[in-house]
Amino acid sequence: MKIGIFGGTFSPPHLGHLAAARAAIEALELDKLLIVPAAVPPHKELPQGTPAPEHRLAMSEKMADALLMPGTAEVSTIELERPGKSYTADTLAALRKQYPDARMWLLMGTDMFSTFHQWHDPSSILAQAGLCAFGRSERDDKALFAALAEELEETLPEAKITVITLPELVEISSTELRELLAKGEGGDFLLPAVYGYILMNGLYGTHADLKHLDIPELRACSYSMVMQKRVRHIRGTEEEAVRLARRWGADETMARRAGILHDCTKYLELEEQLALCGKYGVELDELERRAVKLLHSKTGACIARYVFGEPDEVFNAIFWHTTAKENMTALEKILYVADYMEPNRTFEGVERLRELAYSDLDAALLLGVTTTIQEMKDRNLPVHRSTLRAQAWLREHGVTTEG
Ligand code: ATP
């Protein structure tokens, strides 16, 4: 088993870190990548105002999630949990016990590689792991690495060194980024989920007004609340909702914002969903209280309204996007249908739904609702009364799935 160990302060983790992690996984053919945020870095002071370790941990987890290798790229809390300075030698000794047969590689950028001989107990590090070094900027070329490697081999001949070239260089440091963030800039150097996390928690002197966010910031906040694998669907729903709004003369901006936020509470546990419903005074029936899938639309609507200041139209579209109901507004129908047939959906019959969505929105809604009812029946699950009412109401008003 080949394990890469990527240590750092990660305050915050940025696209440079992500590019290095991706390149190392590929070049070293790693089976596992451990991202290890340091508690107290031995070689640099944590600057004043450094977010609490749990924030650095949460942001590092978003970076691991973005590598889309569940179980392969993960964050290790080994240093955050160990008191005192976070010496890599201690970390590797502990990891060796956990993975006695693994081949370990320590990943590091130019700054770390060029000072490696000054680290605490380099020999014991090299007894456990090889060094995988990479450049951080155009200046860090092959000649520089050859010279650095030669120097290191002279003092530490046991060093096993692999130099890799990053296919995409992202010339940024966390220090520079913190300065940019405090000025309201820097989002482009961050994963949207990390950027959204920073904005939502007001880290690094950001003072975003969450109730008046522009679209990129709203997306970032939404993505910070979900797993990376859901982002494609959310983006697909956003774009589909905008196309449908254009087709049916609804408000495109509201459709976009509703699409962006519609699944923002999708990953909350039942307990958290119930707590939010309690907080925002959402009344629940017996079925809703135990069906976490039915709750995310209600709590998502509340977050849209109370955290992001969205208007009633957006609140209602999100509120009804799972169950539907009788007599829906155009925006409510649009979000329901967009969520059902956005380009990433692949179920049998989706093409028919896509055709109907642009020729007869009510027929598309009825087809969606009827498909859901059938699916629930097939799986022996209870159908929510609002969904049944939606179906009955549409039929009473002469709608058919023929369009
Ligand atoms: P700071 O500016 O706070 O010192 P940093 O940007 O150097 O932070 P760290 O968390 O200290 O980030 O770095 C962790 C590891 O990532 C180090 O090995 C570092 O060399 C590497 N690294 C940092 N930035 C980049 C980058 N832009 N491209 C490639 N590697 C990077």
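The values are calculated or read from the model by the stated rules, or taken from the named source; none is laboratory data. Values in this document were obtained by computation on a predicted structure and should not be read as measured data. No Cβ is skipped: glycine too gets one built from the backbone with ideal geometry, and neighbour counts run over all protein chains shown.
Annotations for the structure displayed:
- For the condition surrounded by 19 or more Cβ atoms within 10 Å (Cβ to Cβ), farther than 23 Å from THR162 by Cα and without any contact (Cβ under 8 Å) to a residue 60 or more places away in the chain, SER11 does not qualify.
- Spans of strands (runs of 3 or more DSSP E) in the stretch 96-200 with at least 1 residues more than 26 Å from the chain's Cα centre (by Cα) and away from the ligand (no atom under 16 Å from the Cβ): 103-109
- Qualifying residue in the stretch 234-254 (condition: part of a loop (DSSP other than H, G, I, E, B), of a type in the set (Ser, Thr, Tyr) and touching a residue at least 40 places away in the same chain (Cβ under 8 Å)): no
- Subset of the stretch 209-234 (residues that are in contact with a helix residue (DSSP H, G or I) (Cβ under 9 Å, 6 or more places away or on another chain) and not hydrophobic (A, V, I, L, M, F, W, C)): LYS211, PRO216, GLU217, ARG219, SER222, TYR223, SER224, GLN228, LYS229, ARG230, HIS233
- Meets criteria (buried (at least 18 other Cβ atoms within 10 Å of the Cβ) and farther than 16 Å from MET108 by Cβ) for PRO167: no
- Every pair of residues 6+ apart whose Cβ atoms lie under 9 Å, when the first sits in the stretch 105-132 and is closer than 17 Å to LEU166 by Cα and loosely packed, with under 14 Cβ neighbours inside 10 Å while the second is modelled with pLDDT under 95 and among the charged types (D, E, K, R): ASP111/ARG136
- Residue within the stretch 93-114 that is under 13 Å from GLY8 (Cα atoms), out of contact with any helix residue (DSSP H, G or I) (no Cβ under 9 Å at 6 or more places or on another chain) and small (Gly, Ala, Ser) present: no
- The residue of the stretch 43-56 that is farthest from the ligand (Cβ to nearest atom), among those that are within 25 Å of LEU166 (Cβ to Cβ) and surrounded by fewer than 20 Cβ atoms within 10 Å (Cβ to Cβ), is HIS43.
- Where GLY16 falls short, out of the listed (1) within 10 Å of the ligand (Cβ to nearest atom); (2) modelled with pLDDT under 95; (3) under 18 Å from PHE113 (Cα atoms): (2)
- Among the residues of the stretch 202-227, those that are part of a helix (DSSP H, G or I) and either among the hydroxyl-bearing types (Ser, Thr, Tyr) or more than 25 Å from SER297 (Cβ to Cβ) (or both) comprise LEU203, TYR204, GLY205, SER222, TYR223, SER224.
- Of all residues in the stretch 21-35, those satisfying the criterion of being within 13 Å of the ligand (Cβ to nearest atom) and over 18 Å from the mean Cα position of the chain (by Cα) are ALA23, ALA24.
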